[in-house]
1. Within a Cβ distance under 12 Å of residue 67, other residues only, what is the Lys/Arg minus Asp/Glu net charge?
2. Within 10 Å of each residue's Cβ, count the other Cβ atoms and sort 108, 18, 95 from fewest upward.
3. Pick from 36, 98, 23 the residue whose mean-square fluctuation is largest in a GNM of the chain, springs joining Cα atoms under 10 Å.
4. Give me 100, 11, 76 sorted ascending by neighbouring Cβ count inside 10 Å, so fewest comes first.
5. Return a whole-number percent for the relative contact order of the chain, with Cα pairs under 8 Å and 6 or more residues apart as the contact set.
Amino acid sequence: MAVKSYKNYHVKKGDMVEVLAGKEKGKTGKILKILKKKDRVIVEKVNFVKKHARPGGKFAKGGIVEMEAPLHISNVALYCSRCSKGVRFGISVLEDGKKVRICKNCGEQID
């Protein structure tokens with residue numbers, strides 16, 4: 001039986017990102033979850049949708065619930081606080097051997 005392998009993504013859980021496309025373009029937020037099988041991410045306080053939920057399980061009360069919907073991972077970019085925008089980044093190795101992400105615009109370490 002073949003083992004499924006998943007891709008490595010340019011962002012990870014907990015990263016601050018900026019949305020590059022869609023109705024939420026320009027908004028920033030933290031990644032709450034990565035859905036690897038669908039190449040999507042859920043970003044905090046971005047892309048809210050209304051869902052009709054039945055009582056029980058995840059939702060104790062029924063009714064209309066607002067929740068974040070997934071965005072495609074290609075529509076988000078890592079956010080640099082110094083540049084105040086979503087940026088491309090490179091990887092640099094520190095003297096102690098640790099790898100860090102570096103903003104391509106300003107050279108600032110991201111994390």
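Please treat every number below as a calculation from the coordinates, not as lab data. Keep in mind that what you see is a predicted model, and the values were worked out from it rather than measured. Here Cβ is always computed from backbone atoms with ideal geometry, including for glycine, and neighbour counts include all displayed protein chains.
1. Values: positive: 33, 45, 50, 51, 58; negative: 44, 66, 68.
Overall, the nearby charge balance is +2.
2. On the way: 108 14, 18 22, 95 5.
So the residues, fewest neighbours to most, are 95, 108, 18.
3. Fluctuation is largest for 98.
4. Working: 100 13, 11 19, 76 26.
Fewest-to-most ranking of 100, 11, 76: 100, 11, 76.
5. Numbers: 203 pairs, mean separation 22.2, N = 111.
For the chain, the relative contact order is 20 percent.
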